[in-house]
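Below is one structure, written out as structure tokens; comments come after it.
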Amino acid sequence: MNINRIVSEITALADRGGMAAVAIAGPPGSGKSTIAADLRARVGGSCCVVPMDGFHLDNDTLTARGLLAVKGAPETFDLVGFTRLVDDLKSGAIRHFPTFDRDADSVVERGGVVPDGVSVLLFEGNYLLFDEEGWRDLAGMWDAALWLDVAEGVLQDRLTKRWLDQGMSRQDALARAQMNDLVNARRVIEQALPATWILPH
């Protein structure tokens with residue numbers, strides 16, 4: 001799939017009136033944030049990027065549930081809160097949304113805002129096309145969806161670098177990528193729902 005065609009079709013969504021929702025999905029390390037920013041720049045001010053990462057459960061909650069070691073897995077997100085956000089942003093009931101500060105490893109409440117004039121919301125996250133109970137219901141909320149197709153070896157390199165950039169040793173970074181992130185990546189890939197567009201990245 002050509003990126004210019006995707007831009008053209010998103011622009012068409014922006015021009016049709018109302019608020020459209022486009023999902024950008026893929027495994028961790030697939031480049032969702034990069035592609036979302038690129039699409040936002042190409043389409044212009046009629047669209048806004050909304051990351052799903054603002055719905056990470058906080059570390060205290062994850063610790064209490066015994067899930068801190070698998071942070072980033074589907075069960076470590078607030079699916080109900082995210083679903084409500086999608087509905088509220090699409091209807092215009094709210095304009096602010098939470099974001100995630102990776103350096104601080106915490107959510108920033110009201111970290112993002114939908115500017116005036118936006119008619120396309122670009123939601124990006126691992127589980128937006130995920131075929132598991134509860135998550136699969138999100139697919140019906142998208143007017144279009146983009147899936148990023150990335151080889152596992154590339155994912156491992158990118159994910160390892162991500163943890164290196166966070167100050168981990170190479171051994172710890174590789175272990176985190178292999179034991180947590182790639183486990184989630186395989187789960188996402190194996191249970192991916194159909195997308196409007198598939199983009200190798």
**Item:** Low-density loop positions, GluC sites (Glu not before Pro), segment 51-145 - DSSP coil, at most 10 other Cβ in 10 Å
**Value:** Glu133
**Complete:** So, over other residues within a Cβ distance under 14 Å of Val7, counting Lys, Arg +1 and Asp, Glu -1, the net charge is 0
**Prompt:** Which residue fluctuates the most in the chain, going by a Gaussian network model with Cα springs under 10 Å, if the choices are Arg186, Arg40, Arg16?
**Reply:** Arg16
**Request:** Could you tell me which label, among (1) 11.8; (2) 10.8; (3) 12.4, carries the value of mean projected area of the Cα convex hull in nm² calculated for this structure?
**Result:** (2)
**Asked** Of the residues Asp38, Asp149, Asp116, which exhibits the maximal mean-square fluctuation in a Gaussian network model of the chain defined by a 10 Å Cα contact cut-off?
**Response** Asp116
**Request:** Could you work out the relative contact order of segment 3-200, using alpha carbon pairs under 8 angstrom and six or more residues apart, expressed as a whole percent?
**Result:** 33
**Within straight-line cross-link reach of Lys71, lysines at Cα separation under 25 Å, skipping those fewer than 8 residues along the same chain** = Lys32, Lys161
**Whole-Hz ³J(HN,Hα) from phi, Karplus 6.51 cos²θ - 1.76 cosθ + 1.60, for segment 99-114, glycine and proline x** = 10, 10, 9, 5, 5, 8, 6, 8, 7, 10, 4, 6, x, x, 9, 7
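Can you pull out the trypsin sites (Lys or Arg not before Pro) in segment 88-180 that DSSP calls coil and that have at most 13 other Cβ atoms within 10 Å?
Here the sparse-neighbourhood loop sites are Arg102.
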**Request:** Please find, in a Gaussian network model of the chain (springs between Cα atoms separated by less than 10 Å), the residue of Met19, Met52, Met168 whose mean-square fluctuation is greatest.
**Result:** Met168
**Request:** Averaging sequence separations of C-alpha pairs under 8 Å and six or more residues apart, then dividing by the length of segment 1-97, give the relative contact order as a whole percent.
**Result:** 24
**Asked** Could you give the length gained on full extension between Asp149 and Ala41, defined as 0.36 nm per residue of separation minus the Cα-Cα distance, in nm?
**Response** 36.7 nm
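Taking each full run of DSSP H in the chain as one helix, which ones are at least 27 Å long along their axis (Cα atoms) and have mean Kyte-Doolittle hydropathy of at least -0.5?
none
Each value in this text was obtained by applying a stated rule to the coordinates, not by laboratory testing. Since we're looking at a predicted model, the values are computed, not measured. Positions of Cβ are backbone-derived with ideal geometry, glycine not excepted, and every protein chain shown enters the neighbour counts.
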